[in-house]
Amino acid sequence: MKDSCGPLKALAVASVVNGVGDVVLCLFFNYGIAGAAWATMASQIVAGFMMIESLKDKGYIGYAIAVPSANELLQIFKLAAPVFMMMMSKVALYSLLIYFATSMGTQTVVAHQVLIQIYSMFIVGGEPLSQTAQSFMPELIYGAKRSLSKVSDVITYAAIFIIIVYNSYTNFTYVVVMCHCDDFPHARMLLKSLVIIGATCGLILGVAGTIVPWLSPKVFSPDPHAIKKMHTVLLPHFIALSVTACTHSLEGTLLAGRDLRFISVSMTTIFTLGGLLLLLFSNLGFGLPGCWWTLALFQWSRFTIALLRLISPNGILYSEDMTRYELGKASTA
């Protein structure tokens, strides 16, 4: 729907509710972690109702409840199952990293926990690129304004604003508000812009996320042994973090083009190979560096495979036969 303001307002209000709730319930009423949980729940409820109201403003019946038909459930399954496999592959690899790091001793766990928290905080910087691709790509690929071959088109961005909103889940959420002019850029040029922005943001996030534990490690842990272990994996930490934003833009384009089977199969394959590589590194005694080099290879494999798919002659941005990506028409309430 290309509505950036609705989610932004909901997120801003939810963040305020969460922050105020944490202060009131934890400091004044001494509810502790239970108060933080109640504040988080209240903020999510408020955000949910605001999103529903935003849908109502666009003509949708936000509070309507309907039982989906068997055909609609099938369409939902075709969309959700590949995305579920993609998300679970990433979560499973992160869980394996924690599992192997936990078996290496207390100081290794401390070092890994510090770096993985920093990594998780900065990795969300690429999410706006994925959301932008999923919002603007579909009509360029499938709609009446589809344009895949006119390379002389000029991208007409009026502005791209990145608004940083603090989220109470101990990370940052970046919301991209894209103001566009009369004509939409065609799919290839839009992807090119997203990749360029992703590469720039990735380098910035990678440098920032690496400098913090490098120059100020005692902020996280005073243990010199844990600090030493952190410093041994800063290079793969930077390599993994710097490519993530570009990967988000590529995978967002694949999702927008409904190339779901490929992205689910490729992610599960990369996860399987990454798990085997992690097991091999662990058996060879590589320790924590083995875990982080596995993560770096995992992220660069995602980027490489998604890029090769998109620039392939049979990819969604070059093939004129789009019927193989169509899931059929689903009715809407």
Task: Subset of segment 81-103 [surrounded by 17 or more Cβ atoms within 10 Å (Cβ to Cβ) and touching a His at 6+ places or on another chain (Cβ under 8 Å)] - done: 97, 101
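Quick grid of which residues meet (1) in contact (Cβ under 8 Å) with a residue 60 or more places away in the chain; (2) open to solvent by less than 40 Å² (accessible area, probe 1.4 Å):
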position: 193; (1), (2): no, yes
position: 207; (1), (2): no, no
position: 214; (1), (2): no, no
position: 235; (1), (2): no, no
position: 247; (1), (2): yes, yes
position: 251; (1), (2): yes, yes
- [ ] Can you work out which of the residues in segment 3-32 that are closer than 22 Å to residue 128 by Cβ and aliphatic (A, V, I, L, M) is surrounded by the most Cβ atoms within 10 Å (Cβ to Cβ)?
- [x] 14
TODO: With respect to residue 54, determine if the residue is open to solvent by less than 30 Å² (accessible area, probe 1.4 Å), in a helix (DSSP H, G or I), in contact with a Lys or Arg (Cβ under 8 Å, 6 or more places away or on another chain) and closer than 24 Å to residue 255 by Cβ.
DONE: yes
- [ ] Could you grab the pairs with beta carbons closer than 9 Å, sequence gap of 6+ or different chains, first residue in segment 116-143 and closer than 23 Å to residue 94 by Cβ and of a type in the set (Val, Ile, Thr), second one surrounded by fewer than 19 Cβ atoms within 10 Å (Cβ to Cβ) and at pLDDT 85 or above?
- [x] 116/94; 116/98; 118/212
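Which count do you get for residues in segment 254-285 that are touching a helix residue (DSSP H, G or I) at 6+ places or on another chain (Cβ under 7 Å) and not in a helix (DSSP H, G or I)? It would help to see each step written out before you state the result.
Let us first name the residues in segment 254-285 that are touching a helix residue (DSSP H, G or I) at 6+ places or on another chain (Cβ under 7 Å), namely 254-264, 266-268, 270-271, 274-275, 277-278, 281-282.
After this cut, where a residue has to be not in a helix (DSSP H, G or I) as well, the list is 257-259.
Residues flagged as touching a helix residue (DSSP H, G or I) at 6+ places or on another chain (Cβ under 7 Å) and not in a helix (DSSP H, G or I) within segment 254-285 amount to 3.
Return yes or no: is residue 231 assigned by the TED database to the domain that holds residue 105, outside any loop (DSSP other than H, G, I, E, B) and surrounded by fewer than 18 Cβ atoms within 10 Å (Cβ to Cβ)?
Numbers: assigned by the TED database to the domain that holds residue 105: yes; outside any loop (DSSP other than H, G, I, E, B): yes; surrounded by fewer than 18 Cβ atoms within 10 Å (Cβ to Cβ): yes.
So residue 231 passes the test.
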Open item on the list: So, in segment 57-74, exactly how many residues are touching a helix residue (DSSP H, G or I) at 6+ places or on another chain (Cβ under 7 Å), open to solvent by 80 Å² or more (accessible area, probe 1.4 Å) and under 12 Å from residue 6 (Cβ atoms)?
Closed with: 0
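Scanning for something farther than 22 Å from residue 300 by Cα and at pLDDT 50 or above, does segment 165-185 turn up at least one residue?
Quick first cut of segment 165-185, residues farther than 22 Å from residue 300 by Cα only: 165-185.
Among the residues that remain, those that are also at pLDDT 50 or above are: none.
Within segment 165-185, not a single residue is farther than 22 Å from residue 300 by Cα and at pLDDT 50 or above.
Picking from 34, 81, which residue would you name as being more than 24 Å from residue 12 (Cβ to Cβ), in a helix (DSSP H, G or I) and not assigned by the TED database to the domain that holds residue 9?
Working: 34 fails: not assigned by the TED database to the domain that holds residue 9.
Of the residues listed, the single one that is more than 24 Å from residue 12 (Cβ to Cβ), in a helix (DSSP H, G or I) and not assigned by the TED database to the domain that holds residue 9 is 81.
The values are calculated or read from the model by the stated rules, or taken from the named source; none is laboratory data. Here the structure is a predicted model, which means the values were calculated and not measured. Cβ coordinates were reconstructed from backbone atoms using ideal geometry, including for glycine residues, and neighbour counts include every protein chain displayed. Surface accessibility is based on the protein's heavy atoms, side chains included, excluding ligands, DNA and RNA. Shrake-Rupley method; radii C 1.70, N 1.55, O 1.52, S 1.80 Å.
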